[in-house]
Amino acid sequence: MDTSDFLKWSEHVARWARDYHERLPAMPVRSQARPGELLNALPTAPPEHAEAWEDIFSDFDLLIPQGLTHWQHPRFFAYFAANASFPSMIAEQLATSLACNCMLWQTSPAATELEQRMTDWLRQAVGLPSRFTGLIQDSATTATLCAVLTMRERALSWKGNESGLHNAPQLRLYASPENHSSVDKAARLAGIGQENLVKPGTRKDRSLDPESLHACIRQDLDRGFLPVGVVGCIGGTATGACDRLSEILEIAREFNLYSHVDAAWAGSAMICKEFRTIWKGIEHADSVVFNPHKWLGVQFDCSIQFCADPQQQAATVGLRPDYLKTAGLEEITNLNEFTIPLGRRFRALKLWFAMRAHGLAGLRSLIRDHVDWIGELERLFAADPLFDVAFRSELALFGFRLADSFEHAERLTVELAARINDDGHVYLTPTVVDGRTAIRVTAGTFATTRPDVLSVHEIAGRIARELVS
Ligand code: PLP
């Protein structure tokens, strides 16, 4: 491919992308593909000779989009949105064209400095104090793993990495059962072990019970275990649960434990001052993660970790062999030293474009709309005798199920979720809350409109009536 073909096909792709987004509302949200469908349509061996671009692109067009679930669809209400706004897509095209590796300052000075500036813009946008320093991670899972590794090393006086864990006391980590499974994964990968991830009790509002947390730590100390840290939950995945950080982080401080807060989804909403009550006390955390790739329209992957003392994380995950040294600039910030992979994509560009193109005011108004529309939808479900509201969060997430008054409500709720998703008009995620199935609805995609959100009640009502009749 020469540069003129590159231009021709890049323009073609830009037009294709525009058409795709215009066609999205008429397409089913969840992929209709059957297992093995694409696999069987592909040649089993790689091509020996170059193929024509027309053929490559037409195969893409024929096989790929229809085999995907459309995350940018305006009626995608499942999981949490992985939202990509147009400015961020354009930035990604440029980042792909530049194709630089931002592992060291010297390998991409502008990328490093743009990342430093963008993460500080975000720190201000969500109202965190200036003692926090930001860093872009690929995902919240990686940020949480880095934080848990840092907890472990700090508790072991930075000896675990050197000596291994075989002589270490039994390590203990504390987190709410409402936390995302990335916390379980971090406990496993950090060598702490699932059994040593202690999940104290929760209160009625699903926040971690501080008394239970305190008692668990006390008991573990009495047994000679080594508590390493506490992970707070702000906007848990299943129900949007939020810990009361002022209480939880005070306990962490009392026992000199490192703290990390997972606000992967809810953190974006902190750009709206009125929602900040849900993470009151956050300024006392040692580490915080949130995902602009969920709710700020900055496409996957773009997760921000703020650390009160990033050097502790660098002391845990950073290494500087000779070939990664920068002669004469030993003190310069090399961002790879704060993360697990060495190589780093140029992710700050999409933050820069998206924040400038939308402005914080524009982003706030999108988030407020999502919260309002989900609230309106929840009230429709609450007023409908067909349904019970299973839970509501303070942000754009709630869950419903078929009303208990119906015989076999649990089995029919499972069936209802499957049929709604098979229908294709909207896409929702079933989960289990208090031992029973609930169907989650969350709005976060920028293309979503109020009628899109309210259509969930229409579809669910139609299918529920068929099920109970
Ligand atoms: N934490 C919470 C609360 C989440 O909802 C998710 C994913 O949805 C994650 C962590 C993991 O995010 P990531 O895919 O960025 O690792």
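The values are calculated or read from the model by the stated rules, or taken from the named source; none is laboratory data. Keep in mind it's a predicted model, so treat the numbers as computed, not measured. We place every Cβ from the backbone using ideal geometry, glycine too, and count neighbours over all the protein chains shown.
Brief remarks on what is shown
- Hits in region 197-217 (condition: among the hydrophobic types (A, V, I, L, M, F, W, C) and in contact (Cβ under 8 Å) with a residue 40 or more places away in the chain): 208, 216, 217
- Between 400, 381, the distinction of being touching a Phe, Trp or Tyr at 6+ places or on another chain (Cβ under 8 Å), outside any strand (DSSP E or B), touching a residue at least 40 places away in the same chain (Cβ under 8 Å) and crowded, with 23+ Cβ neighbours inside 10 Å belongs to 381 only.
- Checklist (1) assigned to a strand (DSSP E or B); (2) touching a residue at least 24 places away in the same chain (Cβ under 8 Å); (3) away from the ligand (no atom under 16 Å from the Cβ) applied to residue 389, failing item: (2)
- Selection status of residue 376, within 21 Å of residue 295 (Cα to Cα) and loosely packed, with under 15 Cβ neighbours inside 10 Å: yes
- Scanning region 284-317 for residues that are among the acidic types (Asp, Glu) and either on the phi > 0 side of the Ramachandran plot or within 21 Å of the chain's Cα centre (by Cα) (or both) yields 286, 301.
- Residue in region 323-337 that is part of a helix (DSSP H, G or I), farther than 24 Å from residue 248 by Cα and within 16 Å of the ligand (Cβ to nearest atom) present: no
- Against the numbered list (1) in contact with a helix residue (DSSP H, G or I) (Cβ under 9 Å, 6 or more places away or on another chain); (2) free of Cβ contacts under 8 Å to residues at least 60 places away in the same chain; (3) over 18 Å from residue 366 (Cβ atoms), residue 226 comes up short only at (2).
- Condition check for residue 364: among the basic types (Lys, Arg), touching a residue at least 60 places away in the same chain (Cβ under 8 Å), closer than 30 Å to residue 453 by Cβ and crowded, with 21+ Cβ neighbours inside 10 Å: no
- For residue 132, the conditions (1) away from the ligand (no atom under 12 Å from the Cβ); (2) at pLDDT 95 or above; (3) farther than 16 Å from residue 260 by Cα are fulfilled apart from (3).
- Scanning region 145-168 for residues that are in contact (Cβ under 8 Å) with a residue 24 or more places away in the chain and of a type in the set (Asp, Glu) returns a single hit, 153.
- Residue within region 109-121 that is touching a residue at least 24 places away in the same chain (Cβ under 8 Å), away from the ligand (no atom under 13 Å from the Cβ) and assigned to a loop (DSSP other than H, G, I, E, B) present: no
- Scope region 124-144; condition within 17 Å of the chain's Cα centre (by Cα) and touching a residue at least 60 places away in the same chain (Cβ under 8 Å); matching residues: 126, 134, 135, 136, 137, 138, 139, 140, 142, 143, 144
- For region 269-300, a tally of residues being among the small types (Gly, Ala, Ser), in a loop (DSSP other than H, G, I, E, B) and buried (at least 24 other Cβ atoms within 10 Å of the Cβ) returns 2.
- Residue match in region 73-88 (condition: more than 23 Å from the chain's Cα centre (by Cα), hydrophobic (A, V, I, L, M, F, W, C) and outside any helix (DSSP H, G or I)): no
- Filter result (loosely packed, with under 13 Cβ neighbours inside 10 Å and within 22 Å of residue 421 (Cβ to Cβ)) within region 10-31: 23, 26
- Counting only helices (runs of 4 or more DSSP H) wholly contained in region 148-255, the ones carrying 1 or more residues that are surrounded by fewer than 22 Cβ atoms within 10 Å (Cβ to Cβ) and more than 15 Å from the ligand (Cβ to nearest atom) occupy 160-163, 210-222, 245-254.
- The residues in region 32-50 that are surrounded by 10 or more Cβ atoms within 10 Å (Cβ to Cβ), assigned to a loop (DSSP other than H, G, I, E, B) and free of Cβ contacts under 8 Å to residues at least 40 places away in the same chain can be counted, and the count is 1.
- Residue that is surrounded by the fewest Cβ atoms within 10 Å (Cβ to Cβ), among those in region 301-319 that are among the β-branched types (Val, Ile, Thr) and more than 11 Å from the ligand (Cβ to nearest atom): 317
- Condition met for residue 128 (touching a Pro at 6+ places or on another chain (Cβ under 8 Å) and of a type in the set (A, V, I, L, M, F, W, C)): no
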